[in-house]
Amino acid sequence: MKLELRAVVRLGVPAVVLAGTLYVGYVGYAGDRPVPVPPLGPFLHPTTGVWAVAAQDELPARVALRIPGTRDSVRILFDDRAVPHIFATRVEDAYRALGYLHARFRLFQLEIQTRATKGTLSEWFGEQALESDRSQRALGLAWSAERDAAALDSASTNGRFVLAYADGVNARIDELTSRDLPLEYRLLDATPQRWEPVNTFHFMKRMSYTLAYGHPDRLFERLTERVGAEAAAALLPLNSPIQEPIVPTGRNAPRFDAAPLPPPRLLAADHVATGSSAVGVQTFAGPPPGGMAATQASNNWVVAPWRTANGHALLSGDPHLDLTLPAIWFEAHLVVPGQLDVYGVTFPGAPPVVIGFNRDVAWSFTNTGADVLDYYEETLDDLEHPRNYRLDGAWRPLERRVEVYRDRKGRVLAIDTLYHTHRGPLLFHGGRARSMRWTVLEEESAVTAFLGLATARSVDEWLRLMQAFRAPIQNGVVADRAGEIAVISAGRYPIRPAGKPGLEVWDGTSSDSDWLGFLPPARFPFARNPAQGFLASANQQPLDPATAPFYLGAWWPSPWRAMRINQLLRADSAVTREAMQRYQTDPGSARADLFMPAFLDAAKRQRAAGDRGPTLALAARLLEEWDRRYTRDNERAILFELAMDALADATWDELLDPDDSTGQRRIFTPPGSVLASLLRHATSVWWDDRRTETVESRDAVLAASLVAGYDRALEKYGAPGEGGWRWDRVRQANIYHLLGYRSLSALNLPVPGGPGTISPLEGAGTEGASWRMVVELGPEVRAWGTYPGGQSGNPASPWYTDRLDRWIDGALDPLLFPRTPEDLPVERIVATFTVRGGQ
């Protein structure tokens, strides 16, 4: 996959053309913030300008390095996938080397993600980034990271590792010359900041924000205002209407809860109290953009030896996150004889291998999506300039912090005074103040836990280490060479007063509203060596409420992916590693299996009842031709998807936002599992579109939606059979550069999959499989994997997108796992770095 910059460089076009291509054509964005155009003079400098990027040699055959603090020499061998195999005699030295490599290959990525958490992007982007910076600081993420860093014991094992990692990052920064500066710094006319150990905690808070900031409190409040509490509780259910939980129940099929939806109690638009759902210094928080469940699409599963073809346990890791260039992961192998031998993917910004394997154990994670955040209505002594808040009849002092925001020239853009109660940050909106308690802002444990997992020698040991994990709550699957398999949903689950769910805003004036503690590890969702011989998680509800009636969260993602994974595993009693790989991009759809027959049956009944319209018959015939698989060349999936869109529009008219002048935007769209449950009630009042004079039934709405889907397809993509309906022409994956520069991005990628498939493709296509891995735990551990992009963050590097084509095709590369430097085939070694000891 050749991008614009690499193509220009390799064709030998003069440097001035390259510079002009980047400078004149630069229309990049950091999120929605326009990136400033760099000063022309430095950008075109003959020796240090932009074309120096193309001349950078990231992997010369031999390099001698100096990393301060390194006690013994370290040898780093890069294989032909640019994966570093770090051989050291001390663990600290191995992590120093990893820090150096993260900075050598991903320096800009390290800094921009740290700035995003610290709320200092305005120092690069000016006022365009101010709102984002104020929001991040108001959430308390940086404040929390600073507390965690201050509590770090530099003499502890993990403290030494974090400090050693920082040494490595700074060693690379210190050796940089103007010719070595990454492209993005040139575009921003900026220089790298030194790396502080606190930045590792900033990064981990950022990941927790991505994975654990979803919460239903404000959404439930708005829904109650719109349709009444009973209907709101059904639309935002505590339990998924389709039960295919992580912890097996002994059933061989999902369980459907077909309870009818209570009718809506609509309020007049002018009586609906609405408010901003964007968090900021002066706003309450709502769900993150896209809703809580929208970004949760990771998968993992393990298969016991007795269900595999070769008698060894198999593990699949398939985490889905934002797709970016450079990629979110950096692949590495660290070896310290007798202490550490771990392979997998790391986050640039932190030392641990997060998902991977060692000589005995393999593991992977998906996000649990539990409810770990609550709001409390507070009473202050002064709303404008508060000093105290009311608690149990007495005034207690607020903790204050002054935040100053500056632009790239150091000018002050804004000053905020932030406040904390004993629960957490205080947020203001509409003359009210609410505090927020969020587990992510409390003691950090992810770095410690991930570092420990690397040395686990059995499933037992791995599970013990996971019991100390706090946030973000994760579904971890694990397997070992002894044939043991297990899953655990580990982290801090709040226990609320009287066992209540976390769907309300609590009374902040009483300590009786405070959390009572956390669920003990013995009650974490957990399964080991189940009778079915496999375990799978795909962000679905961890426990069937029929067997475990206590609150973990609400608004669980529809379990389509879990249903499909379990369907495939139930049908295969001799699973191979090739099958595990195929399953990761399987185009089948449990969602389509359920809704497509509903469309066709409704069309048949409507025609029998007298609907003789030719379009309904044609649309039904075309849909019936589809095999319900989202392959790249199919020409019917788009008809189904457009019909599903029309079905949501027609069904959820009661949820239209009264503040939206277009009349098109909904407060939210209920999960597909709720709509699937509604299918079982043909005369529910929810089927009636209150904007029309007719009282619609289920079949009428389904049939009309199928016709509307056909009409939209015809309008947007032309007649069927002309090629415009091909799935790979209407839906693609899009992987944007971190600054949004299109010519440094990989766009319109034809990948299989659709909404609800194991590898889902929906929306703008900017989220997807960030790392795919299959591990076979035999006498010698073998593994295969890939991620979208490459090891390098330099767009001119051959290692920038070298893995992209195989990722698109669902192919995995064999992962080299040598015990010693001599075990790595010489012909596979492309570079050798040596770090001298005694420094």
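The values are calculated or read from the model by the stated rules, or taken from the named source; none is laboratory data. Remember, predicted model here, so these are calculated numbers, not experimental data. Neighbour counts are summed over all protein chains in view; Cβ atoms, including those assigned to glycine, are modelled from backbone coordinates with ideal geometry. Each accessible area value is taken on the protein alone, full model and side chains, heavy atoms only, with ligands, DNA and RNA left out. Shrake-Rupley method; radii C 1.70, N 1.55, O 1.52, S 1.80 Å.
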message = If I filter segment 560-576 for residues that are open to solvent by less than 20 Å² (accessible area, probe 1.4 Å), in the same structural domain as A468 (by TED's automatic domain parsing), assigned to a strand (DSSP E or B) and out of contact with any helix residue (DSSP H, G or I) (no Cβ under 8 Å at 6 or more places or on another chain), do I get at least one hit?
response = no
request  = Out of E641, E693, E654, report the one residue that is in a loop (DSSP other than H, G, I, E, B), charged (D, E, K, R) and either surrounded by 16 or more Cβ atoms within 10 Å (Cβ to Cβ) or over 35 Å from the mean Cα position of the chain (by Cα) (or both).
outcome  = E693
Failed criterion for A602 (all others in (1) in contact with a Phe, Trp or Tyr (Cβ under 8 Å, 6 or more places away or on another chain); (2) more than 24 Å from G311 (Cβ to Cβ); (3) part of a helix (DSSP H, G or I); (4) open to solvent by less than 30 Å² (accessible area, probe 1.4 Å) hold) = (1)
ask   = What residue, of G533, G502, G508, is at pLDDT 95 or above, open to solvent by less than 10 Å² (accessible area, probe 1.4 Å), within 30 Å of A433 (Cβ to Cβ) and not basic (K, R)?
value = G508
query = Applying the selection to segment 226-266, what residues are open to solvent by less than 40 Å² (accessible area, probe 1.4 Å) and over 30 Å from P530 (Cβ atoms)?
reply = R226, V227, G228, A231, A232, A234, L235, L236, L261, P262, P264
request  = Could you grab me the full set of residues in segment 386-428 that are open to solvent by 60 Å² or more (accessible area, probe 1.4 Å), in contact (Cβ under 8 Å) with a residue 24 or more places away in the chain and assigned to a loop (DSSP other than H, G, I, E, B)?
outcome  = D392, R408, H422
request  = Search segment 498-515 for residues that are over 15 Å from A370 (Cα atoms) and pair each with any residue that is open to solvent by 30 Å² or more (accessible area, probe 1.4 Å) and outside any loop (DSSP other than H, G, I, E, B) when their beta-carbon atoms are under 6 Å apart and the residues are at least 6 apart or on different chains.
outcome  = V505/E377; G508/E377; T509/R390; S513/D507
Qualifying position, being surrounded by fewer than 20 Cβ atoms within 10 Å (Cβ to Cβ), of a type in the set (V, I, T), over 30 Å from Y405 (Cα atoms) and in contact with a strand residue (DSSP E or B) (Cβ under 7 Å, 6 or more places away or on another chain), among V91, V63 = V63
Elements of type strands (runs of 3 or more DSSP E) in segment 292-361, at least 1 residues being in contact with a strand residue (DSSP E or B) (Cβ under 9 Å, 6 or more places away or on another chain) and of a type in the set (G, A, S) = 313-318, 330-336, 340-346, 353-357
Residues of segment 321-358 classified as open to solvent by less than 10 Å² (accessible area, probe 1.4 Å) and of a type in the set (S, T, Y), total = 2
Residue that is nearest to R731 (Cα to Cα) [pool: residues in segment 610-638 that are open to solvent by 20 Å² or more (accessible area, probe 1.4 Å) and without any contact (Cβ under 8 Å) to a residue 40 or more places away in the chain] = D627
query = Among the candidates G810, G837, which residue alone is open to solvent by 20 Å² or more (accessible area, probe 1.4 Å) and more than 30 Å from L121 (Cβ to Cβ)?
reply = G837
Selection from segment 366-381 of residues that are outside any loop (DSSP other than H, G, I, E, B) and without any contact (Cβ under 8 Å) to a residue 60 or more places away in the chain = L380
query = What residue, of D660, D593, is in contact with a Lys or Arg (Cβ under 8 Å, 6 or more places away or on another chain), surrounded by fewer than 17 Cβ atoms within 10 Å (Cβ to Cβ) and free of Cβ contacts under 8 Å to residues at least 40 places away in the same chain?
reply = D593
request  = Restrict the check to segment 769-778 and report whether at least one residue is of a type in the set (D, E), open to solvent by 40 Å² or more (accessible area, probe 1.4 Å) and touching a residue at least 12 places away in the same chain (Cβ under 8 Å).
outcome  = no
query = Mind checking whether some residue in segment 711-719 is part of a helix (DSSP H, G or I), among the small types (G, A, S) and touching an Asp or Glu at 6+ places or on another chain (Cβ under 8 Å)?
reply = no
request  = Might you check whether a residue that is among the basic types (K, R) and not assigned by TED's automatic domain parsing to the domain that holds G491 occurs anywhere in segment 379-387?
outcome  = yes
Test: S208 is within 30 Å of T366 (Cβ to Cβ) and not in a loop (DSSP other than H, G, I, E, B) = yes
message = For the condition under 24 Å from P245 (Cα atoms) and in the same structural domain as F365 (by TED's automatic domain parsing), what is the one hit in L451, L463?
response = L463
inquiry  = Considering only residues that are modelled with pLDDT of 95 or more and either surrounded by fewer than 20 Cβ atoms within 10 Å (Cβ to Cβ) or in a loop (DSSP other than H, G, I, E, B) (or both), which ones fall in segment 740-751?
reply    = S745, L747, N748, P750, V751
task = Would you tally the residues in segment 678-707 being of a type outside the set (A, V, I, L, M, F, W, C), touching a Phe, Trp or Tyr at 6+ places or on another chain (Cβ under 7 Å) and either in contact (Cβ under 8 Å) with a residue 40 or more places away in the chain or not assigned by TED's automatic domain parsing to the domain that holds A598 (or both)?
result = 2
key: Failed item, numbered, when G553 is tested on (1) of a type outside the set (V, I, T); (2) surrounded by fewer than 24 Cβ atoms within 10 Å (Cβ to Cβ); (3) not in a loop (DSSP other than H, G, I, E, B)   = (3)
key: Positions within segment 94-138 being basic (K, R) and either open to solvent by 10 Å² or more (accessible area, probe 1.4 Å) or at pLDDT below 95 (or both), in sequence order   = R96, R104, R115, K118, R134, R137
request  = Filter segment 177-207 down to the residues that are of a type in the set (K, R) and modelled with pLDDT under 95, then identify the one that is least open to solvent (accessible area, probe 1.4 Å).
outcome  = K205
message = Residues that are touching a strand residue (DSSP E or B) at 6+ places or on another chain (Cβ under 8 Å), of a type in the set (S, T, N, Q) and touching a residue at least 40 places away in the same chain (Cβ under 8 Å): does segment 544-556 have at least one?
response = no
note = Condition set in a helix (DSSP H, G or I) and not acidic (D, E), scope segment 577-587, selection most open to solvent (accessible area, probe 1.4 Å): answer is R582
key: Within segment 429-439, considering residues that are farther than 17 Å from R390 by Cα and in a strand (DSSP E or B), the one most open to solvent (accessible area, probe 1.4 Å)   = H429
